[in-house]
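Step one of this worksheet: look at the structure below.
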Amino acid sequence: MANILQPTEENLRDLRKFLLFGGLVGVPTETVYGLAANAFDAQACAKIFEAKQRPANDPLICHISSVEALEQICYANPLAIRLAERFWPGPLTFVLPKKDKIPGIVTAGLDSVGVRCSAHPEFQRLVAQCDFPLAAPSANPFAYISPTTAQHVEAGLGSKIQFILDGGPCAFGVESTILDLRDESQPRILRYGALPAEEIEAELGRSIEKPAATSADESVQHLAPGSLPKHYSPRTPLDLRGGIATSELETLPPETAALLLAKPQQDRGKNVHWLSEDGKLSEIAANLFAKLRELDEAGYQRIIAEEAPELGLGLAINDRLRRASFR
Ligand code: TXA
Ligand code: MG
């Protein structure tokens, strides 16, 4: 079992030291919990791959504490600086050319690195105390549902790690948006995430390239090696629907769970679940992974779930649901 630690000054100081000497720590961010190691320490980062059973060709995101720290690990360009100043700290990851200080294992041999500055206050305090960046993928066993509480991290990786920093439930509940900025003239979204693409486009005053709304956009899979068609998946088979009709809820077999976007007007029985009171996308995203875990543990034989509207956060929610349903 891992120790779940509260973010006291003393604990943060100890965790910094533990990380400096090559330890792994479960950490909160505003998107999902991460599994962190000193990004300058190749051996420590190798332990992340081992603990998660993650394939070595799936690169890790590095977490830094400020725009200025970009220079520590990558070659930034004016567009990256501008977007960092606008959206950091926050749920936006850039892909930029890496500096030699970042070991190849972190980037899965790529010459670019994913970099982000999280807005989670306690995690920020930890990163700011470290004079090294923290490589941290989501803290789930490979391909399983991402964790949004310290208890989720304990459930999935508790036997493999010693410490988890408790920062409460994650505010956004889906991972950061990943933006490829290697070519300034052609910014491109590689993963839909907690920062809606529309907000980046509004800032830039133009539209940018985005992944297709499918779990198997091969052009993106090639650019972001972790975007596999099957991911975020409960063990219980999940079927995704454009919508779920009232008539279907009325005849739902007891071994099937229905997962609706919003609370139904009428009570529909114990196997009908919902992600929000009234369909608000931020609430749906915040509850998504925790609800999928709950249904996965409840002994159902099947889950049917409803797609969100294809806009704003809905794109990230549907991306996760599509991959969760992939068989
Ligand atoms: O919100 C988040 O981004 C969370 C928290 C913990 O920060 N992290 C996260 O990491 O989602 P992870 O490892 O689950 O997903 C990272 C994905 C990789 O699978 C890969 O597709 C992409 O980011 N990625 C990372 N570095 C890359 C690079 N250099 N080039 C292209 N894609 C990269
Ligand atoms: Mg992940």
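Taking residues in segment 229-244 that are within 13 Å of ligand 1 (Cβ to nearest atom), and partners anywhere that are not in a loop (DSSP other than H, G, I, E, B), the pairs with Cβ atoms closer than 6 Å and at least 6 places apart or on different chains are His231/Arg323; Tyr232/Arg320; Tyr232/Arg323; Tyr232/Ala324. Between Val67, Val27, the distinction of being among the β-branched types (Val, Ile, Thr), more than 16 Å from ligand 2 (Cβ to nearest atom) and modelled with pLDDT of 95 or more belongs to Val67 only.
The set of residues in segment 59-92 being in contact with a strand residue (DSSP E or B) (Cβ under 7 Å, 6 or more places away or on another chain) and without any contact (Cβ under 8 Å) to a residue 60 or more places away in the chain consists of Leu70, Cys74, Tyr75, Ala76.
Residue by residue, here is whether (1) within 30 Å of Gly23 (Cβ to Cβ); (2) buried (at least 21 other Cβ atoms within 10 Å of the Cβ); (3) near ligand 1 (Cβ under 10 Å from one of its atoms) holds:
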{"residue": "Gln151", "(1), (2), (3)": "yes, no, no"}
{"residue": "Leu165", "(1), (2), (3)": "yes, yes, no"}
{"residue": "Leu190", "(1), (2), (3)": "yes, yes, yes"}
{"residue": "Ala212", "(1), (2), (3)": "no, no, no"}
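Within segment 177-286, which strands (runs of 3 or more DSSP E) (wholly inside it) include 2 or more residues that are in contact with a strand residue (DSSP E or B) (Cβ under 6 Å, 6 or more places away or on another chain), among the basic types (Lys, Arg) and within 25 Å of Cys74 (Cα to Cα)? Qualifying strands (runs of 3 or more DSSP E): 188-191.
From the list Glu175, Glu198, which one is under 20 Å from Ala285 (Cβ atoms) and within 14 Å of ligand 2 (Cβ to nearest atom)?
Details: Glu198 fails: within 14 Å of ligand 2 (Cβ to nearest atom).
It is Glu175.
Contact annotation: residue pairs with Cβ atoms under 9 Å, 6 or more positions apart or on different chains, pairing a residue in segment 256-272 that is on the phi > 0 side of the Ramachandran plot with a partner that is part of a loop (DSSP other than H, G, I, E, B), are Gly269/Leu252; Gly269/Pro254. Within segment 200-229, the residues that satisfy the criterion of being under 22 Å from Leu288 (Cα atoms) and not small (Gly, Ala, Ser) are Pro211, Thr214, Leu228, Pro229. Looking at segment 73-95, can you tell me whether even one residue there is surrounded by fewer than 22 Cβ atoms within 10 Å (Cβ to Cβ), away from ligand 2 (no atom under 16 Å from the Cβ) and hydroxyl-bearing (Ser, Thr, Tyr)? Looking for residues that are surrounded by fewer than 22 Cβ atoms within 10 Å (Cβ to Cβ), away from ligand 2 (no atom under 16 Å from the Cβ) and hydroxyl-bearing (Ser, Thr, Tyr), one finds at least one in segment 73-95, hence yes.
Test Ala290 against the criterion of being crowded, with 21+ Cβ neighbours inside 10 Å, under 28 Å from Glu30 (Cα atoms), among the aliphatic types (A, V, I, L, M) and in contact with a Gly (Cβ under 8 Å, 6 or more places away or on another chain), and give yes or no. Considered against the rule, which asks whether it is crowded, with 21+ Cβ neighbours inside 10 Å, under 28 Å from Glu30 (Cα atoms), among the aliphatic types (A, V, I, L, M) and in contact with a Gly (Cβ under 8 Å, 6 or more places away or on another chain), Ala290 comes out as no.
The values are calculated or read from the model by the stated rules, or taken from the named source; none is laboratory data. Only a predicted model underlies this, so the values are computations on that prediction, with no experimental measurement involved. Here the Cβ is made from the backbone with ideal geometry for all residues, glycine too, and neighbour counts use every protein chain on show.
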